[in-house]
Amino acid sequence: MTVLAQTAVSGAHPEIAWAAISPELTLFGVAILVLMLDTAGEQRPGASLLVLGVTLVGAGLAGVATGAWVLPALAALAGVAQLALTARWRRRPRLLGAVLAGAGFVATIGLTAWQQATAPAQTVVAGMVAADGVAHFTRYTVAVAGLLTVGLGFGYLEERRIHRGEYYPLLLLAATGMTLLGASADLIMVFIAIEVLSLSLYILTGFPKRDLTAQESALKYFLLGAFSSALLLYGVALVYGITGSTNLAEAGAAMAVVGTPVGLSVAALALLIVGFGFKTAVVPFHMWTPDVYQGAPTPVTGFMSAATKAAAFAAFLRVFSGAFGPLVLTWRPALYTLAVATMMVGALLAVVQTDLKRMLGYSAIAHAGYVLIGLMSVSRDGVSATLFYLLVYAIMSVGSFGVLTALERRTHKAVALDDVRGFGRRSPLVAGIMALFLFGLAGLPGTAGFMAKFAVFRAGVEADLTWLVVVAVVSSVIAAFFYLRVVVAMFMDDEPPEAAAQPPLAPRGAVAASLAAASAAVIVLGVVPGALVDLASRAATVAL
Amino acid sequence: MGPPILSTLIALPALGAAVAAAIPSHKRDAIRTTALATTIVTFLASLVMYARFEAGVAAFQLEEHVDWIPAWGVRYSLGVDGITLFLVLLCTFLMPVAVGATWGQVPQQVKGFYASVLVLESAMIGVFVALDLILFYVFFEAMLVPMYILIGVWGGERRKYAAVKFFLYTLVGGFLMLVGILYLYFKGGAQTFDYSALLQVPLTITEETLLFGAFFIAFAIKVPLFPFHTWLPDAHTEAPTIGSVDLAAILLKIGGYGILRFLLPYFPAATRLLAPGIVALSVVGVLYGALVAMMQSDIKRLVAYSSVAHMGFVILGVFALDVTSASGSVVQMVNHGLSTGALFILVGFMYERTHSRVIAEYSGLAKAAPVFGGVFLLVVLSSLALPGLNGFVGEFPILIGAFQTMPAAAVTATFGVVLAALYLLWAYQRMFHGPVEGSSRRMPDLNPREVAVMVPVVALIIGIGLYPKPLYDRVTPTIEQMITHPSLERTARAEPPRGPAAVAARTERSR
């Protein structure tokens, strides 16, 4: 273990800290595994046996070579487990994919917890990857979002007949990119991670091949995403030009030196802000968000809104609050403006939406603004508040999109405000859960959303950003208005006659379990957040 | 000592709500009985609190402290003093009355209704006894959701509009207060949101004024002080009876309570600076509320506007910065809760029978329903502060006290008392006197259950009116400590130092 977790040495033969990147490796490995099993078709047992054989041989070799047996043993165990699962669900490949993906996310959480408990905060793999609190916490967030998404999306994808084999591998690859992004300690790594997650998400967005809206979304997302990646890359190039390094620690230190060409630094920072701004949907780089959120399959939208945001903000945090923290006076005014615009535009435009997915898309923009407050605080409290907010937001966001997923299965079309009228009378439990998520997003006490907002506001006021917090307050009130509109429609409006023919919505199985877990988390974290707050504040370590 | 009494008071209604939620929806009477039993038990528990409370002590009593979120310095701290003791009692007393009075008024979705009512009670008690600012804030906002649901789901015709308006108004104030709390917390630098610890935070006058504003808006909306009152008539009128009772009797008091608890001790210099302006607003509220009440054709709306007037008195009493008037304000809050709560219950009885609240549609109610008429008259008289009834023992000290420090305001506000007599008695005359006509024909008298719930209310109205000493014994020490606190720069009867002097003294202390 100690051998594995040692700090990497730079040079021609970097020592690979397998343990430190084991969560990513797991996600990636499961993705490949699911893909293999799927492409093997009817020969699945054979493919499965092959996988087991390769795993066992590889694990044995790795164990002999490194002398550490924990990981190889885990890998071997996973190999046996997949064989058992394959045998169990021979005729149901989708279910097998879902179960394996879920198991992959659970394993990621477990491995991250193990790493967090045992390994010190450091950078590994020649300074490319950070194994610190931010990375660990982002992995939790992404894995939780992924796990919920798998549970919520299964039936929906079946019914829309878009449940194809690539879904789970793509989901897992996107998650790999996201966790890697949260752990990137080098601008090149940032770029690679962003590309991995983006490419997967482009495809996932356009997954419903016959749905023109989805196709349009995917194309739009792809074009704008590629554009933003290019800008980001240009920013990376400028940083490299100024400092001679893409390593965050070195580049940050070099940029902070007096005498650095100011114009170039500002240009580099601006381009990086644009790049990250696209991924985190900060105004004015948010244009793609509502369209893409609306067009993508609803479970994918939930995953995108939660996990992409968490990962991109983690990198944003590491680069700006961490590496370029000394330059805070240079970049904070720009972000200040963007944050104000993001909070206000997101909230105001959400008010006029009638399509619920689109409304939640705009609300996601407003939330990006709140997270920016934590980022701009450039403090330990700011980092922990940001991480805490992102996790809580992920749960509430995936949960609310999950309810929309369930609703869409009933209406067989996009859910508008009119479609949920009287929904609370017919299905009080599901509507109550939706109301809980919405109240949480609005930041009412008793829900996790309040604790998250409180953490961010607290960090903001501490960092003398009081007026920015006041803007956030105004934005929150506007946001409360449109969240309330949904609650009003669900509980206080009468049911339209055509809805009376539909049966009440009673989710079962994985959907019910996911919704129950998410709503329980929202309440528990709202009442006794102590443990998670502690975890987040301990995770507020940035290793560069 | 037994279990901590304040936590018990908060927990009981919440537990009751959980029990009610577990009962199958069609067993309506079982749900109602659960709600009634819960509120009665809570009331009995609050009597234990009263018994344990030591009269004549200014400080917090029956305190409880537990860590809640240590990383942020948030604690679960409870305590009760002279200001909150009777507000909690008012709350626990009125809840069983209101539940009993509205027994059959909600025929549908009974479970959700009573669960909301009970959760609301928990939150209201919590607001009064919380001694940690974040805990206070949590309860403050937590009241919003059940109240919003009560108005929005079981309210009148324009319930959606009223509910959303109520919600957003309160939320604006609340969030601003949260920013204020955070600012205070970091200024204090002690990583604590403890009420008493934050009293020591040094502030410049600019900071004080801004923070005063942040807190004041939250509470002024709750009170509601003119011109922040526009949500109130809608919310009151559209809410189901029990919601109106809770709103008028308890939620409005939270505004007055917050002003006393936070504004005066935390921001004394700003209080001194802004007091005249706020007194002016409160006097405007007294007169405006009375005049608008007079113009109402809907009896429930009339009662709602009368609250604006009455709460104007309360705020006048507080910002007159005089021990007598401020003590009167606390007592008046209790009295207003009793009288207005009773009025809303009575209007609810009437509406349940006739489905009309239009004053002009009634005539001769006193003949049609003599017991109802008698109780109504008594409550109206209490509301217009007839000596011998409870309204008088609150309003009179307010006027006396205010006359010492702000004579002009006191004199003007006295016209409000006259106007109150006018609009209340005029309405009474139109509805209860004359031949039995219109909706009055469909008005049978109160049944035994309704009489039974009104008896304790009437008894208290008369009892407090004749013997208010137990209240003042417990209220005055706390108020005296607050108002004569050196930072407010004024002893009970001394001539106040004028603005600049107070500011100078305050700034000096800040260094």
Could you tell me the calculated FRET efficiency between A:LEU429 and B:GLN200, based on Cβ-Cβ distance and R0 = 56 angstrom, to the nearest 0.05? 0.70
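Would you work out the relative contact order for the stretch B:276-511, in percent, from Cα pairs under 8 angstrom that are 6 or more residues apart?
Value for the stretch B:276-511: 26 percent.
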Residue by residue through the stretch B:123-132, the couplings from Karplus 6.51 cos²θ - 1.76 cosθ + 1.60 with θ = phi - 60°, in Hz, x for Gly and Pro, are 5, 5, 4, x, 4, 6, 9, 5, 10, 10
Just the Cα atoms of chain A, one point each, no solvent: what log10 I(q)/I(0) does Debye give at q = 0.12 Å⁻¹? -1.12
Of the listed links B:LYS222/B:LYS300; B:LYS111/B:LYS367; B:LYS111/B:LYS253; A:LYS220/A:LYS357; A:LYS357/B:LYS300; A:LYS309/B:LYS160, those spanning more than 29 angstrom between alpha carbons are B:LYS111/B:LYS367; A:LYS357/B:LYS300; A:LYS309/B:LYS160
Exposed GluC sites (Glu not before Pro) absent - longest run of chain B, DSSP non-H/G/I/E/B, at most 16 other C-beta within 10 Å: B:158-511
Going by how many other beta carbons lie within 10 Å of each one, how would you line up A:SER476, A:SER200, fewest first? A:SER200, A:SER476
Plugging the Cβ-Cβ distance of B:ARG158 and B:LYS367 into 1/(1 + (r/R0)^6) at R0 = 41 Å yields, to the nearest 0.05, a FRET efficiency of 0.80
Along the dipole axis of the protein assembly as shown (charges at Cβ: +1 for Lys and Arg, -1 for Asp and Glu; origin at the Cα centre), the most positive-end residue among B:PRO477, A:GLY302, B:LEU44 is A:GLY302
Just tell me which lysines come within less than 22 Å, Cα to Cα, of B:LYS187; anything on the same chain fewer than 8 places away is out. A:LYS453
Sorted by Cβ neighbour density within 10 Å, fewest at the top, the residues B:HIS433, A:HIS163: B:HIS433, A:HIS163
11 Å reach of a label modelled at A:ALA334, 7 Å along Cα-to-Cβ, counting backbone N of the stretch A:270-296: A:270-277
What is the dipole size for the protein assembly as shown, taken about its Cα centre, with +1 at each Lys and Arg Cβ and -1 at each Asp and Glu Cβ, in debye to the nearest 20? 1520 debye
With r as the distance between the Cβ atoms of B:SER25 and B:GLN61 and R0 = 56 Å, compute the FRET efficiency 1/(1 + (r/R0)^6) and round to 0.05. 0.85
Can you sort A:MET178, A:MET304 so the residue with the fewest Cβ neighbours within 10 Å comes first? A:MET304, A:MET178
Suppose every K and R has +1 on its Cβ and every D and E has -1 on its Cβ; what is the size of the dipole of the stretch A:297-415 about the Cα centre, in Debye to the nearest 20? 180 debye
Rounded to a whole number, what is D in µm²/s for the protein assembly as shown from Stokes-Einstein with the Kirkwood radius over alpha-carbon pairs (25 °C, 0.890 mPa s)? 79 µm²/s
Interchain or sequence-distant (5+) residues whose placed amide H lies within less than 5 Å of the amide H of A:ALA131 are A:GLN122, A:THR123, A:VAL124
What aspartates and glutamates could a cross-link reach from A:LYS209, if we take a straight Cα to Cα line under 20 Å and drop same-chain neighbours fewer than 8 places away? A:ASP38, A:GLU158, A:GLU159, A:GLU166, A:ASP291, A:GLU408
Please give the contour-minus-distance gain from B:MET295 to B:TYR467: 0.36 nm per residue of separation, less the Cα-Cα distance, rounded to one decimal in nm. 58.4 nm
For A:VAL106 paired with A:LEU49, estimate the spin-label separation in nm (one decimal), with each label point 7 Å from Cα along the Cα-to-Cβ line. 2.7 nm
Residue by residue, what Karplus-based ³J(HN,Hα) values in Hz, rounded to whole numbers, does the stretch A:227-234 have, using 6.51, -1.76 and 1.60 with θ = phi - 60° and x for Gly and Pro? 4, 5, 4, 4, 4, 4, 4, 5
Among B:GLY373, B:GLY337, B:LEU94, which residue has its Cα furthest toward the positive end of the charge dipole of chain B, with +1 on Lys/Arg Cβ and -1 on Asp/Glu Cβ? B:GLY373
Modelling each spin label as a point 7 Å along the Cα-to-Cβ direction, I'd like the A:ARG508/B:HIS433 distance in nm, to one decimal. 7.0 nm
Determine the dipole magnitude for chain B: charges of +1 sit on the beta-carbon of Lys and Arg, -1 on that of Asp and Glu, nothing else is charged, the reference point is the Cα centre, and the result goes in debye to the nearest 20. 760 debye
Tell me the mean residue ellipticity at 222 nm calculated for chain A from its helices only (DSSP H runs of n ≥ 4, each -39500 (n - 2.57), averaged over every residue, nearest 500). -25000 deg cm²/dmol
The Kirkwood hydrodynamic radius of the stretch A:203-255, taken as the inverse of the mean 1/r over all distinct Cα pairs, in Å, comes to 13.1 Å
If I take every Cα pair under 8 Å that is 6 or more residues apart in chain A, average their sequence separation and divide by the length, what percent do I get for the relative contact order? 15 percent
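Quick note: the coordinates plus some simple rules give every number you see, no bench work behind them. Here the structure is a predicted model, which means the values were calculated and not measured. Cβ atoms come from the backbone with ideal geometry, glycine included; neighbour counts cover every protein chain shown.
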